[in-house]
Amino acid sequence: MTTGITAEGTGEQERAMRQQQMASFGRLIADFSHEMRNHLAVIQEANGLLEDILVMEGTEGNSVPVLLKETAAQISQRVRRSADLCQHLSGMAHRSDTPCSSFQVNDLVAELVIFLERSTRSRQISLQLDQGQGIDPIYNEPALLQHVLYQLYAFSLELLSNGQTLIISTAIGTVQTKGGVAISFRLGGVPKLDLAELSATVSAAIASLGAKLEGLQQEDLEVTEQGFAGFCGFKLLVPSLPVA
Amino acid sequence: MKDKEQEMGKNEGMKLLIIDDEVEFAATLCRRLQLRNIDAVDAHSGQEGLVLLTEIHPNIVILDLKMHDMSGLDVLEKIKTYDATIEVIMLTGHGSVRAGIEAGEKGAFDYMIKPVDLPDLLVKIAEAVKKQIEGDEGRG
């Protein structure tokens with residue numbers, strides 16, 4: 001009987017975790033859509049301006065060739081940025097193709113940060129990415145890790161105010177993570193945080209990765225010339241699981 | 001398209017303020033409206049928009065919903081407090097229907113999702129001007 005109750009409880013927890021994972025993905029898609037609409041709007045207006053210039057040549061002070069060149073450059077740049085976004089979205093969507101796989105954590109984090117830029121910018125928070133070198137690929141659940149990172153980002157965002165800084169960094173894991181990766185979140189201007197405030201569902205997702213979340217110690221924070229007075233943070237230790 | 005663009009002819013003499021932190025978008029749209037003899041000015045933040053509001057007293061404001069320094073809905077409220085007769089068209093990349101409803105409740109004239117065709121926007125501007133003129137006549 002005890003086993004049955006536990007199994008039922010675990011099943012509910014699993015469902016809740018997957019639902020939250022879908023919600024994270026949904027929010028990322030919403031941000032993607034917003035970003036794309038803005039690029040398309042600029043492309044559309046720039047293209048419209050090209051047409052206007054051709055029809056109403058010389059109505060303004062600037063010479064037509066200069067205006068055409070500037071506008072064409074604007075269109076090219078926005079098309080490039082839109083294509084990059086689509087490429088990253090495609091990569092993110094395909095992470096769910098196989099639950100477990102070998103992947104580069106740096107690629108996954110960089111991909112996520114691209115989608116988070118708009119929401120941090122709209123909150124006037126500076127988002128910085130500091131990628132460690134020489135990190136080997138790990139074997140784990142990339143889609144679930146991305147969801148966990150999104151939830152940790154959302155948790156951090158709640159604690160940060162306008163003008164503050166969030167630094168996400170990666171490093172080779174310690175012995176604890178058995179060759180895995182440490183992903184740190186440093187919150188500038190936030191004196192303290194309580195990891196117990198993370199939801200049970202996020203904690204379950206972390207456990208499902210075989211990962212561990214711990215607060216950053218003072219020595220982990222003093223990594224720049226300026227030091228990190230007024231910073232606090234946490235790190236996620238993600239192991240590389242044995243290949244099944 | 002040309003029929004729609006002819007609507008703009010009715011808008012001469014009005015002042016229009018674009019508030020959007022997508023600088024390239026705001027500047028290009030502003031230029032295209034100016035080419036159509038609309039007295040348009042662009043601001044690239046909520047704060048800058050509110051300063052220009054009191055300086056140029058626009059008839060119509062085109063306002064982005066999500067900006068880096070403040071929410072478009074907060075800017076909308078301040079515009080309506082400053083002068084309730086100014087018609088505000090929300091223009092945003094944010095696709096949420098709820099945001100549109102909320103904007104309407106706070107007094108926005110309409111809500112359009114980017115990218116938007118300029119002729120459609122010109123029609124919307126003409127409708128907003130018409131509503132404003134009718135309101136003025138009703139008050140006068």
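What follows is calculated from the coordinates using simple rules that are stated; it is not laboratory data. Since the model is a prediction, treat every value here as computed from it, not as a measurement. Using ideal geometry, Cβ is built from the backbone for each residue, glycine included, and neighbour counts are taken over all protein chains shown.
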* Past the 26 Å Cα-Cα mark, which pairs from A:Lys192/A:Lys212; B:Lys66/B:Lys124; A:Lys69/B:Lys124? -> A:Lys69/B:Lys124
* Structure fact -> Distance in nm between A:Ala83 and A:Glu197 label points, each 7 Å along Cα→Cβ, equals 4.4
* **Estimated 222 nm signal from helices in chain A, with DSSP H stretches of n ≥ 4 weighted -39500 (n - 2.57), rounded to 500** => -19000 deg cm²/dmol
* Whole-angstrom Cα spans of the stretch B:2-128 along principal axes, big to small -> 35, 32, 28
* **Dipole moment magnitude, nearest 20 debye, the stretch B:2-128 about Cα centre, only Lys, Arg, Asp, Glu C-beta charged** => 200
* Asked: Separation between the B:Asn37 and A:Glu158 pseudo-spin-labels, each 7 Å from Cα along Cα→Cβ, expressed in nm?
  -> 5.7
* Asked: How large is ³J(HN,Hα) for each residue in the stretch B:97-102, as worked out from phi by the Karplus curve 6.51 cos²θ - 1.76 cosθ + 1.60 (θ = phi - 60°), to whole Hz, x for Gly and Pro?
  -> 5, 4, 4, x, 5, 4
* Structure fact -> At 25 °C in a medium of viscosity 0.890 mPa s, the protein assembly as shown has a Stokes-Einstein diffusion coefficient, with Rh taken as the Kirkwood radius over alpha carbon pairs, in µm² per second, of 104
